[in-house]
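Novice: Got a structure for you, written out below as structure tokens; questions coming shortly.
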Amino acid sequence: MIDSLRLEQICREAGHMALALWPGNPSGSGDALESWEKSPGSPVCEADLAVDRFLKRELGALLPAAGWLSEETADDPARLGKGLAWLVDPIDGTRDFIRGRPGWAVSVALVSGGRPLIGTLVAPARQEVWSATAGRGAWRNGERLVASTRKTLAGARVPAHDLPKEDQILTKVSQPNSIALRIAMVANDEADLVATLRWGFEWDVAAAALIAREAGAAATDAFGKPLAYNKRDPRAFGLLVSAPAIHGEAVAHLAGRAAALAPKG
């Protein structure tokens with residue numbers, strides 16, 4: 001059995017490490033933060049790498065038998081033969097992090113047999129710790145989460161800066177850069193719907209999707225199919241997290257765009 005207290009301590013320590021390098025921290029060293037692009041439109045900074053190294057070392061010591069899949073580590077196919085695997089995004093929301101904005105989080109999930117067992121998000125710039133264990137509920141700062149219970153799609157709250165013409169029936173609410181924190185907003189009834197129509201990686205959503213599900217939300221890919229983890233190709237096309245009662249309506253609302261944008265064959 002995993003030491004859950006040690007796991008939370010490790011995640012909190014990772015958050016403190018990132019916070020010390022965050023440009024928005026007046027007492028940190030973030031004014032000298034180095035950042036660059038891994039590829040066009042994909043920023044990374046020294047904090048991503050430092051937190052990744054710390055988590056790989058500490059989580060590896062906590063559970064040596066588990067595999068490792070992280071945004072900032074070269075993928076090792078050996079993880080596919082492991083019964084357990086850590087899925088980690090050391091800083092989800094790097095754009096907000098680099099700009100000194102608080103919409104970022106450290107995301108850690110432990111998965112088994114393609115399903116998440118434990119998920120933790122630490123958002124120190126927002127003074128938030130989110131956690132969930134499969135079958136045991138979800139929590140933020142010690143308070144149990146209850147997801148949105150909205151019954152109709154029209155008027156549903158969605159974290160967004162802008163809405164396309166097709167989505168004008170929805171209502172915009174504040175959007176953090178971190179997709180994990182946007183998902184967590186549904187878990188905490190701060191939003192009713194989060195959807196993407198692009199390729200996304202398992203490490204982006206594993207912890208937050210478990211938190212949302214354990215709070216009572218629905219969490220699937222863009223077509224309404226279950227999410228799976230620790231796959232050979234660690235991607236899925238699209239994401240849909242919502243209040244359960246509007247999930248089917250949301251799938252139908254997005255179906256045409258999802259079919260047009262999804263890879264063929």
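Novice: Read through the list (1) modelled with pLDDT of 95 or more; (2) under 23 Å from GLY93 (Cβ atoms), then give the number of the only condition that HIS247 fails.
Specialist: (2)
Novice: So, one more: Run down PRO23, PRO77 and say which single residue is in contact (Cβ under 8 Å) with a residue 40 or more places away in the chain, under 21 Å from GLU202 (Cα atoms) and open to solvent by 20 Å² or more (accessible area, probe 1.4 Å).
Specialist: PRO77
Novice: Hey, does region 188-197 have a residue that's touching a residue at least 60 places away in the same chain (Cβ under 8 Å), in contact with a Gly (Cβ under 9 Å, 6 or more places away or on another chain) and β-branched (Val, Ile, Thr)?
Specialist: no
Novice: State yes or no: is VAL158 touching a residue at least 60 places away in the same chain (Cβ under 8 Å) and either basic (Lys, Arg) or on the phi < 0 side of the Ramachandran plot (or both)?
Specialist: When the stated conditions are applied, VAL158 does not pass them.
Novice: Taking region 44-79 only, how many residues are assigned to a helix (DSSP H, G or I) and within 15 Å of PRO116 (Cβ to Cβ)?
Specialist: 2
Novice: Identify all residues within region 80-111 that are part of a loop (DSSP other than H, G, I, E, B), open to solvent by 50 Å² or more (accessible area, probe 1.4 Å) and closer than 22 Å to SER42 by Cβ; write none if there are none.
Specialist: Across region 80-111, the qualifying residues are ARG99, ARG101, PRO102.
Novice: Among the numbered criteria (1) in a helix (DSSP H, G or I); (2) open to solvent by 20 Å² or more (accessible area, probe 1.4 Å), which one does LEU210 miss?
Specialist: (2)
Novice: Got at least one residue in region 155-162 being at pLDDT 95 or above, farther than 30 Å from ASN25 by Cβ and surrounded by 18 or more Cβ atoms within 10 Å (Cβ to Cβ)?
Specialist: Looking through region 155-162, at least one residue is at pLDDT 95 or above, farther than 30 Å from ASN25 by Cβ and surrounded by 18 or more Cβ atoms within 10 Å (Cβ to Cβ).
Per-residue answers, yes or no, for (1) open to solvent by less than 50 Å² (accessible area, probe 1.4 Å); (2) at pLDDT below 95:
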residue: SER4; (1), (2): no, yes
residue: HIS16; (1), (2): no, no
residue: ARG57; (1), (2): no, no
residue: LEU63; (1), (2): yes, no
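Novice: Further question on the same structure: Find all pairs meeting these conditions: Cβ atoms under 6 angstrom apart; at least six residues apart or on different chains; first residue within region 131-146 and under 15 Å from ALA105 (Cα atoms) and open to solvent by less than 90 Å² (accessible area, probe 1.4 Å); second residue of a type in the set (Phe, Trp, Tyr) and part of a strand (DSSP E or B).
Specialist: Partner pairs satisfying both residue conditions: SER131/TRP139; ARG140/TRP130.
The values are calculated or read from the model by the stated rules, or taken from the named source; none is laboratory data. The structure displayed is predicted, hence computed values, not measured ones. Please note: Cβ atoms are built from the backbone with ideal geometry, for glycine as well, and neighbour counts cover all protein chains shown. Heavy atoms of the whole protein, side chains included, go into the accessibility calculation; ligands, DNA and RNA do not. Shrake-Rupley method; radii C 1.70, N 1.55, O 1.52, S 1.80 Å.
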